[in-house]
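Okay, so here's the structure we're looking at.
The values are calculated or read from the model by the stated rules, or taken from the named source; none is laboratory data. Note that the coordinates shown come from a computational prediction; the quantities given were computed from them, not determined experimentally. Note that we place each Cβ from the backbone using ideal geometry, even for glycine, and neighbour counts take in every protein chain shown.
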Amino acid sequence: MVAIHDGVRPLVSEDIIGASFRLAAVHQSAVAAVRLKESIRMTDQDNTKAVDRSRFRLIQTPQTFDVDLIKQAYQLKEDASLTDDASVAERSGHRISLFEGSYENIKITTQEDLIVAEALLNSRKLV
C-alpha cells in the first residue's frame, strides 16, 4: 500500500492515515472525503440550477492505493482533467472507495487558510 498526501494538508491526523491504510487493504483504494456543508449550484452562461449537495463530496488526501494498482494507473497518457490520484486510478478502470475525512484536514492555499490552520493548531494545544 502507498498513501499519497498533499504537502499543503499538514493537519491530517494519525487516525485518518490509519483508516486510509486499513480500508485500502480491503478495497485497493481509500480516499478521504467530507460532505459539503454549503448549498451548491451548477452554472452556465445564462442560468443557475440548485444541485443536491448530498450527492457530492469534497476530496482530500491521503489517497491510499495498492501500489501495483496506482503504478499501472499512472501508465495513462497525461491529461489535465485528472486532478488527483483517485481520478487517475478511476480513469484506468479502478473503483474508488471513499471514507470520512475530517474538516480539520484543510488544504492551505490562501492567507485565510493560514488563519484557520493556526486556530486549529491552537485548539489542539488546549486539549
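Residues in the range 57-69: is at least one assigned to a loop (DSSP other than H, G, I, E, B) and either within 16 Å of V2 (Cβ to Cβ) or modelled with pLDDT of 95 or more (or both)?
Residues of the range 57-69 that are assigned to a loop (DSSP other than H, G, I, E, B), as a first pass: 66.
Among the residues that remain, those that are also either within 16 Å of V2 (Cβ to Cβ) or modelled with pLDDT of 95 or more (or both) are: 66.
Yes, that holds for at least one residue.
So which of F65, F21 ends up being over 27 Å from L114 (Cβ atoms), surrounded by fewer than 18 Cβ atoms within 10 Å (Cβ to Cβ), touching a Ser or Thr at 6+ places or on another chain (Cβ under 9 Å) and of a type in the set (A, V, I, L, M, F, W, C)?
Selected residue: F21, the only one of F65, F21 that is over 27 Å from L114 (Cβ atoms), surrounded by fewer than 18 Cβ atoms within 10 Å (Cβ to Cβ), touching a Ser or Thr at 6+ places or on another chain (Cβ under 9 Å) and of a type in the set (A, V, I, L, M, F, W, C).
Can you give me the number of residues within the range 31-49 that are exposed (fewer than 10 other Cβ atoms within 10 Å of the Cβ) and small (G, A, S)?
Total meeting the criteria: 1.
Looking at the structure I just gave you, is L98 in contact with a strand residue (DSSP E or B) (Cβ under 7 Å, 6 or more places away or on another chain) and either basic (K, R) or modelled with pLDDT of 95 or more (or both)? Before you say what the answer is, go through the steps one by one.
Details: in contact with a strand residue (DSSP E or B) (Cβ under 7 Å, 6 or more places away or on another chain): yes; either basic (K, R) or modelled with pLDDT of 95 or more (or both): yes.
So L98 passes the test.
Looking at I70, I4, I16, can you tell me which residue is in contact with a Gly (Cβ under 9 Å, 6 or more places away or on another chain) and in contact (Cβ under 8 Å) with a residue 24 or more places away in the chain?
When all the criteria are applied, what remains is I16.
When the range 70-95 is examined, which residues are found to be in contact with a Lys or Arg (Cβ under 7 Å, 6 or more places away or on another chain) and either assigned to a helix (DSSP H, G or I) or modelled with pLDDT of 95 or more (or both)? Quick ask: steps written out before the conclusion?
Taking the range 70-95 and keeping what is in contact with a Lys or Arg (Cβ under 7 Å, 6 or more places away or on another chain), we get 76, 82.
Scanning the range 70-95 gives a single hit, L82.
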